[in-house]
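Trainee: Before anything else, here's the structure in question.
The values are calculated or read from the model by the stated rules, or taken from the named source; none is laboratory data. The model shown is predicted, which means the values in this text are computed figures rather than measured ones. So basically every Cβ, Gly included, is an ideal-geometry build from the backbone, and we count neighbours across all protein chains shown.
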Ligand code: SF4
């Protein structure tokens, strides 16, 4: 497949890896933000062939992992109502809420359906005028354009039985929150390529300057990840801290302007809670007042929900790059992808699930 | 929910007033909304997230990456660094 296999060429990948070995002279901690990159790193064993001075820590860029428990519980409550068809990306169905997950709601008779796009959810709303159709709008900047479009389109068509339960989070505020934490270990970032596809990368310049960290935008293929690491290490070794775009075949500096315009029309910036991390100011989106009738949280007053995280789960510190999955006593024992205790074991983008799948159980 | 691989646009059509297309991802074809990439042409590659094409792959820049990597190999050879013989941690 064009533009895919070339970026998986083992010979070139090895040359880039060799160059990383040549330029590395001292220990560095680098975080990849994006869960897709975490998956690629573990699947390809990139962390195991790097110079031992370089430690990769896995960031919070997995939407399934950081959606707060309260929102999952709200989704479960709404999905259980007899007049509701609840639609969601497949990953979210297995995320454990306080007492159950969306799959259990389905087995108890709830109409919970998996969709690949919010537009499919709109279609279900058109076809079921007597039902309330709710879409679980989670994710980072990459899913926001679609979720905004579905609301704008519903408004254009005058659909009144469609709404979204929104839990949208933004990457740059989380990067900043991690850097400003007293326990921070991150010295350089691999920025999430596809987030930049939407938003561009102007937001990263002030972060790189303020915290003196190099930020290198890269993709998901082994060569992209290695190339991103190489350029981060080069900057670290040289003492520079610039934003570098190493994914120029996909990312433009200004991002996708049309997507940004519609996101701005439908959503406004809000404080958001991140599962395992806590509240980060101005770190997400909520639906603007003018589209309030499409906001499932307002439409279904779900009231106060008291949540309980399983005590054993340390996914919060894993998402902050402070611990690795195999540091968790439950990893691979009580907690497996078949029976996940925490959200990082659910999605393939979650660090625990990636470690489990590629058998990093015994590596310490 | 994040599909990280580029797909090739096969055809364009309209659905409920939105510009849509069928896109081939390494052999499996799926539908995506093209409203955010109005400039895209059939045969071009695009990145799709949750049913929305977000960016058209820039073929020139893809080539630039390869050139830079070729350069890296040439430079290493010129400097006499025998990369293949470097120690690998086990
Ligand atoms: S292994 Fe399971 S319990 Fe442990 S941190 Fe990961 S998700 Fe939580």
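For every residue, the table says whether it meets (1) at the interface with another protein chain (Cβ under 9 Å from one of its Cβ atoms); (2) assigned to a loop (DSSP other than H, G, I, E, B); (3) modelled with pLDDT of 95 or more; (4) in contact with a strand residue (DSSP E or B) (Cβ under 7 Å, 6 or more places away or on another chain).
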site	(1), (2), (3), (4)
B:4	yes, yes, no, no
B:10	no, no, yes, yes
B:22	no, no, yes, yes
B:30	yes, no, no, yes
B:37	yes, yes, yes, yes
B:42	no, yes, yes, yes
B:47	yes, no, no, yes
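Trainee: In addition: Please find, among A:133, A:138, A:115, A:95, the residue that is in contact with a helix residue (DSSP H, G or I) (Cβ under 7 Å, 6 or more places away or on another chain) and more than 14 Å from chain B (Cβ to nearest Cβ).
Mentor: Working: A:138 fails: more than 14 Å from chain B (Cβ to nearest Cβ); A:115 fails: more than 14 Å from chain B (Cβ to nearest Cβ); A:95 fails: more than 14 Å from chain B (Cβ to nearest Cβ).
It is A:133.
Trainee: Considering only the stretch A:305-342, how many residues are in a helix (DSSP H, G or I) and within 7 Å of the ligand (Cβ to nearest atom)?
Mentor: First, pick out the residues of the stretch A:305-342 that are in a helix (DSSP H, G or I): A:315-319, A:325-327.
Now narrow it down to the ones that are within 7 Å of the ligand (Cβ to nearest atom): A:315, A:318, A:325.
So the answer is 3.
Trainee: Any idea which of A:207, A:217 is closer than 16 Å to residue B:57 by Cα and modelled with pLDDT of 95 or more?
Mentor: A:217 is the lone residue from the list that is closer than 16 Å to residue B:57 by Cα and modelled with pLDDT of 95 or more.
Trainee: Could I ask something else about it? Which one is nearest to residue A:246 (Cα to Cα), of the residues in the stretch A:2-33 that are in contact with a strand residue (DSSP E or B) (Cβ under 8 Å, 6 or more places away or on another chain) and within 8 Å of chain B (Cβ to nearest Cβ)? Steps first, answer last, please.
Mentor: Keep residues of the stretch A:2-33 that are in contact with a strand residue (DSSP E or B) (Cβ under 8 Å, 6 or more places away or on another chain), which gives A:2-3, A:20, A:24, A:27-33.
Narrowing the set further to residues that are within 8 Å of chain B (Cβ to nearest Cβ) leaves A:2-3.
Numbers: A:2: 19, A:3: 15 Å.
In this case the residue turns out to be A:3.
Trainee: Return the pair list, or none, for Cβ contacts closer than 6 Å from residues in the stretch A:83-99 that are free of Cβ contacts under 8 Å to residues at least 24 places away in the same chain to residues that are surrounded by 21 or more Cβ atoms within 10 Å (Cβ to Cβ) and assigned to a helix (DSSP H, G or I), at least 6 apart or on different chains.
Mentor: Note: pairs meeting the criteria are A:93/A:102.
Trainee: Something else: Out of A:233, A:302, A:251, report the one residue that is at pLDDT 95 or above and either touching a helix residue (DSSP H, G or I) at 6+ places or on another chain (Cβ under 7 Å) or more than 14 Å from chain B (Cβ to nearest Cβ) (or both). So that I can check it myself, show each step before the final result.
Mentor: Working: A:302 fails: at pLDDT 95 or above; A:251 fails: at pLDDT 95 or above.
That would be A:233, the only listed residue that is at pLDDT 95 or above and either touching a helix residue (DSSP H, G or I) at 6+ places or on another chain (Cβ under 7 Å) or more than 14 Å from chain B (Cβ to nearest Cβ) (or both).
Trainee: Considering only the stretch A:350-364, how many residues are surrounded by fewer than 24 Cβ atoms within 10 Å (Cβ to Cβ) and more than 10 Å from the ligand (Cβ to nearest atom)? So that I can check it myself, show each step before the final result.
Mentor: Going through the stretch A:350-364, the residues surrounded by fewer than 24 Cβ atoms within 10 Å (Cβ to Cβ) turn out to be A:356-364.
Filter again for more than 10 Å from the ligand (Cβ to nearest atom), leaving A:357-364.
Of the residues in that region, 8 qualify.
Trainee: Please verify whether residue A:51 is in contact with a helix residue (DSSP H, G or I) (Cβ under 9 Å, 6 or more places away or on another chain), within 13 Å of chain B (Cβ to nearest Cβ) and under 27 Å from residue A:135 (Cβ atoms), treating the condition exactly as stated. Explain how you work it out, then say what you get.
Mentor: Numbers: in contact with a helix residue (DSSP H, G or I) (Cβ under 9 Å, 6 or more places away or on another chain): yes; within 13 Å of chain B (Cβ to nearest Cβ): yes; under 27 Å from residue A:135 (Cβ atoms): no.
For residue A:51, the condition - in contact with a helix residue (DSSP H, G or I) (Cβ under 9 Å, 6 or more places away or on another chain), within 13 Å of chain B (Cβ to nearest Cβ) and under 27 Å from residue A:135 (Cβ atoms) - is not met.
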